[in-house]
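Okay, structure first, notes after.
The values are calculated or read from the model by the stated rules, or taken from the named source; none is laboratory data. Please read all numbers here as calculations on a predicted model, not as lab measurements. Don't worry about glycine lacking a Cβ; one is built from the backbone with ideal geometry, like all the others, and counts go over all protein chains shown.
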Amino acid sequence: MKKVMEGSMAVAEAVKLSRPAVIAAYPITPQTHIVEDLADMVANGECNAQYVNVESEHSAASAVLGSQAAGARSFTATSSQGLLLMAEVLFNIAGMRLPLVLVNVNRAVSAPINIWNDHQDSFALRDCGFIQLFAETNQEAADLVFQAYRIAEDYRVMLPVMVNIDGFIISHSFSPVDIPEQAKVDEYLPAYKPLMKLDTANPISWGTMGGPDVYSEIRYSLSQAILNSKPVIAQAADEFNKIFGRGGSGIVEGYHLEDAETVIVAMGSILGTIKEAVKERRKAGEKIGILKIRTYRPFPEQEIREALKNAKTVIVISKEISLGYTSALFTEIKAALYSLAQRPRMAGFIAGLGGRDITLSTIYEALDVSKKEEPELYFLDTSKELEMLEVN
């Protein structure tokens, strides 16, 4: 059934339909609406889950670590500083191979204090062991919740999944969203049957001390598990498409790539604006396409290389910066293309930090600059301000 709803509401509906047994979260802008809606659903008897009120995001992550270890499908959500406060526990959740689903409503990190959207928070935790998915629209934000549980709980994976949605742009904007029937969700996402759990009738040790004799092997195993999850992610999207009539590829998606000489690579809600810019430039005869990254971890190295092998120019527009160098996304895409016999020209752009508007003119600036030069660290829409800083 289609409803016009806020992105946060759509996510809350998807979580409810996924039948979690435990929900624990602490409110933080712009994530709060998700857990407010879920609290109402639990209080009204619409969602049969134990809702745990906690005193911080660290406690929320600790609570769902415990509930997942006990064999209960669990959920939490956060943003920005809250995600960073969870960091210690998130590494443990991944290391213990607990299939938690966490929705991160992307927001800039301090300082200065900023409540608007960019991708600094989730990129800061790209190495914590979570699979990371990025939503482009309200619809995809909801759909990825179902797929995240399907991926996480697959016995071939058994890893936590972070679904990233752009703060305010998705979380607080309204658009039509198709909310599926419970029966169809149950068909796609069966009841959770944990591979392992804490059980007094069958005691096991979990998350214990690992010295130098085993630590490297365990981290290697975790890394391989994340890399090996790509076929499961693709399969989850394919089966979602068969049941619900949408779902995409799960890993990356191309837009006008067939004849594209210039390809823009990006993630999240920015893709809508980029598509409009590409439509306009193609009308003018420019062969431009888009590569959408939906799955950031595991990093889709082979898929990116295959999609961009015929491109003459690759433009990466990222809403994050690896301070002291360039964007992490640009660095990794450049490395992925290194082995191509004919490497494309590369241009890396930073945009939208702290919620700065990304407009058609922003995208046109990136396209125009890339025709003349190959910057690795170019801040879009900020040239005058940066020139003043350099002079001063």
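Here are a few things to note about the model shown:
- Residue in the stretch 335-355 that is surrounded by the fewest Cβ atoms within 10 Å (Cβ to Cβ), counting only those that are under 20 Å from the mean Cα position of the chain (by Cα) and not small (Gly, Ala, Ser): 353
For (1) buried (at least 19 other Cβ atoms within 10 Å of the Cβ); (2) closer than 29 Å to residue 174 by Cα; (3) in contact with a Gly (Cβ under 6 Å, 6 or more places away or on another chain); (4) not polar (S, T, N, Q), each residue gets a yes or a no:
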position: 35; (1), (2), (3), (4): yes, yes, no, yes
position: 43; (1), (2), (3), (4): no, yes, no, yes
position: 47; (1), (2), (3), (4): yes, yes, no, yes
position: 53; (1), (2), (3), (4): no, yes, no, no
position: 60; (1), (2), (3), (4): yes, yes, no, yes
position: 83; (1), (2), (3), (4): yes, yes, no, yes
position: 98; (1), (2), (3), (4): yes, no, no, yes
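- Among residues of the stretch 209-231 that are closer than 17 Å to residue 155 by Cα, those with a Cβ under 7 angstrom from a residue that is surrounded by 13 or more Cβ atoms within 10 Å (Cβ to Cβ) and β-branched (Val, Ile, Thr), sequence gap 6+ or separate chain, pair up as 225/157; 226/131; 229/131; 229/151; 229/157; 230/251.
- Screening residue 306 on (1) touching a residue at least 24 places away in the same chain (Cβ under 8 Å); (2) not in a strand (DSSP E or B) shows it passes everything except condition (1).
- In the set (1) in contact with a Lys or Arg (Cβ under 6 Å, 6 or more places away or on another chain); (2) part of a loop (DSSP other than H, G, I, E, B); (3) in contact (Cβ under 8 Å) with a residue 40 or more places away in the chain, residue 268 fails one condition alone, (1).
- Candidate set: the stretch 264-294, residues that are under 18 Å from residue 318 (Cα atoms) and basic (Lys, Arg); chosen: the one surrounded by the fewest Cβ atoms within 10 Å (Cβ to Cβ): 275
- Flag if residue 319 is touching an Asp or Glu at 6+ places or on another chain (Cβ under 6 Å) and at pLDDT 95 or above: yes
Yes or no, residue by residue, for (1) loosely packed, with under 15 Cβ neighbours inside 10 Å; (2) within 28 Å of the chain's Cα centre (by Cα); (3) not basic (Lys, Arg):
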position: 205; (1), (2), (3): yes, no, yes
position: 209; (1), (2), (3): yes, no, yes
position: 215; (1), (2), (3): yes, yes, yes
position: 218; (1), (2), (3): yes, yes, yes
position: 227; (1), (2), (3): yes, yes, yes
position: 232; (1), (2), (3): no, yes, yes
position: 240; (1), (2), (3): no, yes, yes
position: 246; (1), (2), (3): yes, yes, no
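- Meeting the requirement of 3 or more residues that are under 13 Å from the mean Cα position of the chain (by Cα), the helices (runs of 4 or more DSSP H) wholly within the stretch 74-189 are 120-124, 138-153.
- When residue 200 is tested against (1) surrounded by 13 or more Cβ atoms within 10 Å (Cβ to Cβ); (2) outside any helix (DSSP H, G or I), exactly one condition is not met: (1).
- The residue that is modelled with the highest pLDDT, counting only those in the stretch 170-199 that are touching a Phe, Trp or Tyr at 6+ places or on another chain (Cβ under 9 Å), over 13 Å from residue 143 (Cβ atoms) and of a type in the set (A, V, I, L, M), is 198.
- Residue pairs whose Cβ atoms lie under 6 Å apart, sitting 6 or more positions apart in sequence or on different chains, and linking a residue in the stretch 36-55 that is under 18 Å from residue 10 (Cα atoms) and not assigned by TED's automatic domain parsing to the domain that holds residue 26 to a partner that is of a type in the set (S, T, N, Q) and part of a strand (DSSP E or B), do not occur here.
- Scanning the stretch 16-61 for residues that are farther than 26 Å from residue 118 by Cα and assigned to a helix (DSSP H, G or I) gives 16, 17, 39, 40, 41, 42, 43.
- The residue pairs whose first member lies in the stretch 345-369 and is free of Cβ contacts under 8 Å to residues at least 60 places away in the same chain and farther than 14 Å from residue 330 by Cβ, whose second member is polar (S, T, N, Q) and loosely packed, with under 15 Cβ neighbours inside 10 Å, and whose beta carbons are closer than 7 Å, counting only pairs six or more residues apart or on different chains, do not exist in this structure.
- Top-ranked residue of the stretch 85-96 - restricted to ones that are in contact with a Gly (Cβ under 9 Å, 6 or more places away or on another chain) and farther than 14 Å from residue 226 by Cα, ranked as surrounded by the most Cβ atoms within 10 Å (Cβ to Cβ): 90
- Selection within the stretch 309-330 - polar (S, T, N, Q) and assigned to a loop (DSSP other than H, G, I, E, B): 310, 322, 326, 327
- Residues satisfying the stated conditions in the stretch 14-33, i.e. charged (D, E, K, R) and surrounded by fewer than 22 Cβ atoms within 10 Å (Cβ to Cβ): 19
- Residues of the stretch 331-354 that turn out to be closer than 16 Å to residue 134 by Cβ and part of a helix (DSSP H, G or I), as a count: 2
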